[in-house]
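Could you have a look at this structure, given as structure tokens, before my questions?
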2 protein chains.
Amino acid sequence: MKIVAAKKILKANDQLAAENRAQFDDAGVFGVNVVGSPGAGKTTLLEALFSHLKGRLNPAVIEGDIAGSIDADRMEKIGVPVVQINTDGACHLDANMIASAARELDLKGIDLLAIENVGNLVCTAGFDLGEHLRVVVLSTSEGDDKAAKYPAIFQGSDALFITKTDLIPHLNFDAERITADMKRLAPEAAVFQVSATGGQGIPSAAQWLAEKCLARARP
Amino acid sequence: MKIVAAKKILKANDQLAAENRAQFDDAGVFGVNVVGSPGAGKTTLLEALFSHLKGRLNPAVIEGDIAGSIDADRMEKIGVPVVQINTDGACHLDANMIASAARELDLKGIDLLAIENVGNLVCTAGFDLGEHLRVVVLSTSEGDDKAAKYPAIFQGSDALFITKTDLIPHLNFDAERITADMKRLAPEAAVFQVSATGGQGIPSAAQWLAEKCLARARP
């Protein structure tokens, strides 16, 4: 695992994001920007998806955190190549950080590059990282009103993963409400209900992700 | 309920925060900045605390949200004076927004002014609002590693409220780990474990808050 310190540069984020995407396309890498609140279950979801896709796709991860390498350590443990970005207080990743982190990866050997953003339902909405797909992760315990309260991040996402569905019996959570809000904000988006601990919903979510990835695979 | 649009001004945030605090002191208002992730249970905790303190303290709330008035509507429903701030995308409240919102409240009639910040474990750390106390709310379902991953917000807080303890039997959550991390980051901070739905822990948390508030009450 490499740790890259985030440094500000002047190049506009969108321009850099486009360069990242072109680089990923050249290498046959499918990039997925994973956003969500702290504790939504982003890392656990990735672990479950990678486990299910084992042997079909070669994954790698860029982990974005304010501090530390807790999530990257988890990825190393399951044998997934990982680069940790420490943002030193910044509330989101940007395209420049991704460009730096990508230099530490052997892109030619990677099919699926998951970029786990800083836990944040606000700041991450505004920054294209050069990904092909953005997925927003929301845990049932966060409540079914979050798309209404934080619309931008849902609006710009290609899929909603509702995690921790095993907790629903213990919560006042209406999956239909959040799904309806998501469909209103992002009519084309896919919505999955998953429990990474129990495994429910993981096969269909993994299948969707694999299809999206393979549709863009190198020729 | 009043809705105040957030407008940027040039005055430095810290100077404005000091002015807010002086204004609160003059009026005998005790200000509490409530921070935490989206869905940590900040609004539900406030409802439970206010219900427990009914007749002892006169509360009011300033609600900070990206969009909408879902939380303010909940406060209106329980009869608590409330002003909604819509930040129009900003990931935290600032002292200027609070100055605007405070103008819409009858401060003389308020003992405890809770300021519910935008759901965010990062951006809210850097902005003094003029409060007397900052409390960070973390739900058990977010995981026990959050103080390690988002240290700044915990470091600057006067108390940690661990919410949704009723979910612990269904989670892999170590209350001792997060408490130890909090004590390392903020040795003087109080730590409470509460379940707002079941009511566990609410009386002692409410008692602590009331004592803090009354210690600063108008002479």
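The values are calculated or read from the model by the stated rules, or taken from the named source; none is laboratory data. Only a predicted model underlies this, so the values are computations on that prediction, with no experimental measurement involved. Methodologically, a virtual Cβ is constructed for each residue, glycine included, from the backbone with ideal geometry; neighbour enumeration extends over all protein chains shown.
Based on this model, can you work out whether residue A:112 counts as modelled with pLDDT of 95 or more, among the hydrophobic types (A, V, I, L, M, F, W, C), within 22 Å of residue A:21 (Cα to Cα) and surrounded by fewer than 17 Cβ atoms within 10 Å (Cβ to Cβ)?
No; evaluated as a whole, the condition is false for this residue.
Between B:114, B:99, which is assigned to a helix (DSSP H, G or I), of a type in the set (A, V, I, L, M, F, W, C) and out of contact with any Ser or Thr (no Cβ under 8 Å at 6 or more places or on another chain)? Break it down stepwise before answering.
Numbers: B:114 fails: assigned to a helix (DSSP H, G or I).
Exactly one residue qualifies, and that residue is B:99.
Table: residues versus (1) modelled with pLDDT of 95 or more; (2) within 14 Å of chain B (Cβ to nearest Cβ).
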| position | (1), (2) |
| --- | --- |
| A:2 | no, no |
| A:19 | yes, no |
| A:40 | yes, yes |
| A:44 | yes, yes |
| A:59 | yes, no |
| A:64 | yes, yes |
| A:67 | no, yes |
| A:79 | yes, no |
| A:83 | yes, no |
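Answer yes or no as to whether residue B:124 is within 11 Å of chain A (Cβ to nearest Cβ), assigned to a helix (DSSP H, G or I) and either of a type in the set (S, T, N, Q) or farther than 25 Å from residue B:212 by Cα (or both). Steps first, answer last, please.
Numbers: within 11 Å of chain A (Cβ to nearest Cβ): yes; assigned to a helix (DSSP H, G or I): yes; either of a type in the set (S, T, N, Q) or farther than 25 Å from residue B:212 by Cα (or both): yes.
Judged against the criteria, residue B:124 is a match.
Also, I was wondering about something else. Could you grab me the full set of residues in the range B:79-110 that are of a type in the set (Gly, Ala, Ser) and either in contact (Cβ under 8 Å) with a residue 60 or more places away in the chain or in contact with a His (Cβ under 9 Å, 6 or more places away or on another chain) (or both)?
Of the range B:79-110, the ones of a type in the set (Gly, Ala, Ser) are B:79, B:89-90, B:95, B:99-102, B:109.
B:90, B:95, B:99, B:100, B:101, B:102, listed by residue number.
Here's something else I'd like to know. Need the failing condition index for residue A:91 against (1) out of contact with any strand residue (DSSP E or B) (no Cβ under 7 Å at 6 or more places or on another chain); (2) under 18 Å from residue A:123 (Cβ atoms), just the number.
In the conditions (1) out of contact with any strand residue (DSSP E or B) (no Cβ under 7 Å at 6 or more places or on another chain); (2) under 18 Å from residue A:123 (Cβ atoms), residue A:91 misses (1) alone.
Search the range A:130-158 for residues being in contact with a Leu (Cβ under 7 Å, 6 or more places away or on another chain) and either surrounded by fewer than 22 Cβ atoms within 10 Å (Cβ to Cβ) or in a strand (DSSP E or B) (or both), and hand back the single one that is farthest from the other protein chains (Cβ to nearest Cβ). Spell out how you get there, then give the answer.
Of the residues in the range A:130-158, the ones in contact with a Leu (Cβ under 7 Å, 6 or more places away or on another chain) are A:136-138, A:140-141, A:146-147, A:150-151, A:153-155, A:158.
In the following step, the residues that additionally are either surrounded by fewer than 22 Cβ atoms within 10 Å (Cβ to Cβ) or in a strand (DSSP E or B) (or both) were identified as A:136-138, A:151, A:155, A:158.
Working: A:136: 11, A:137: 12, A:138: 8, A:151: 6, A:155: 11, A:158: 20 Å.
Restricting to residues being in contact with a Leu (Cβ under 7 Å, 6 or more places away or on another chain) and either surrounded by fewer than 22 Cβ atoms within 10 Å (Cβ to Cβ) or in a strand (DSSP E or B) (or both), the top hit is A:158.
Among the residues of the range A:171-219, how many are in a loop (DSSP other than H, G, I, E, B) and of a type in the set (D, E, K, R)?
First pass over the range A:171-219, keeping only residues in a loop (DSSP other than H, G, I, E, B): A:171-174, A:186-189, A:194-201, A:215-219.
Those still in the list that are of a type in the set (D, E, K, R) too: A:174, A:188, A:216, A:218.
Residues meeting the conditions: 4.
Being outside any loop (DSSP other than H, G, I, E, B) and under 16 Å from the mean Cα position of the chain (by Cα) narrows it down to one residue among B:63, B:76; which is it?
Values: B:76 fails: under 16 Å from the mean Cα position of the chain (by Cα).
Step by step, each of B:63, B:76 is checked, and only B:63 is outside any loop (DSSP other than H, G, I, E, B) and under 16 Å from the mean Cα position of the chain (by Cα).
Can you tell me which residue in the range B:18-59 is farthest from residue B:196 (Cα to Cα), limited to those that are aliphatic (A, V, I, L, M) and assigned to a strand (DSSP E or B)?
Restricting attention to the range B:18-59, the residues satisfying the condition of being aliphatic (A, V, I, L, M) are B:18, B:22, B:27, B:29, B:32, B:34-35, B:40, B:45-46, B:48-49, B:53, B:57.
Those still in the list that are assigned to a strand (DSSP E or B) too: B:32, B:34-35.
Details: B:32: 18, B:34: 15, B:35: 17 Å.
Per the stated criteria, the residue is B:32.
Go over the candidates B:192, B:173 one by one and state the one that is free of Cβ contacts under 8 Å to residues at least 40 places away in the same chain and either among the hydroxyl-bearing types (Ser, Thr, Tyr) or within 14 Å of chain A (Cβ to nearest Cβ) (or both). Break it down stepwise before answering.
Details: B:192 fails: either among the hydroxyl-bearing types (Ser, Thr, Tyr) or within 14 Å of chain A (Cβ to nearest Cβ) (or both).
When all the criteria are applied, what remains is B:173.
Condition first: farther than 30 Å from residue B:55 by Cα and surrounded by 20 or more Cβ atoms within 10 Å (Cβ to Cβ). Now tell me which residues in the range B:174-216 satisfy that.
Looking only at the range B:174-216, we keep the residues that are farther than 30 Å from residue B:55 by Cα, and these are B:174-187.
Hits for the range B:174-216 are B:178, B:182, B:186.
Using the structure shown, decide if residue B:90 is over 20 Å from residue B:195 (Cβ atoms), in a loop (DSSP other than H, G, I, E, B) and within 14 Å of chain A (Cβ to nearest Cβ).
Numbers: over 20 Å from residue B:195 (Cβ atoms): yes; in a loop (DSSP other than H, G, I, E, B): yes; within 14 Å of chain A (Cβ to nearest Cβ): yes.
Answer is yes for this residue.
Within the range A:140-147, identify whether any single residue is of a type in the set (A, V, I, L, M) and within 23 Å of residue B:69 (Cα to Cα), and answer yes or no. Spell out how you get there, then give the answer.
First pass over the range A:140-147, keeping only residues of a type in the set (A, V, I, L, M): A:147.
From what is left, the residues that are within 23 Å of residue B:69 (Cα to Cα) are A:147.
Looking for residues that are of a type in the set (A, V, I, L, M) and within 23 Å of residue B:69 (Cα to Cα), one finds at least one in the range A:140-147, hence yes.
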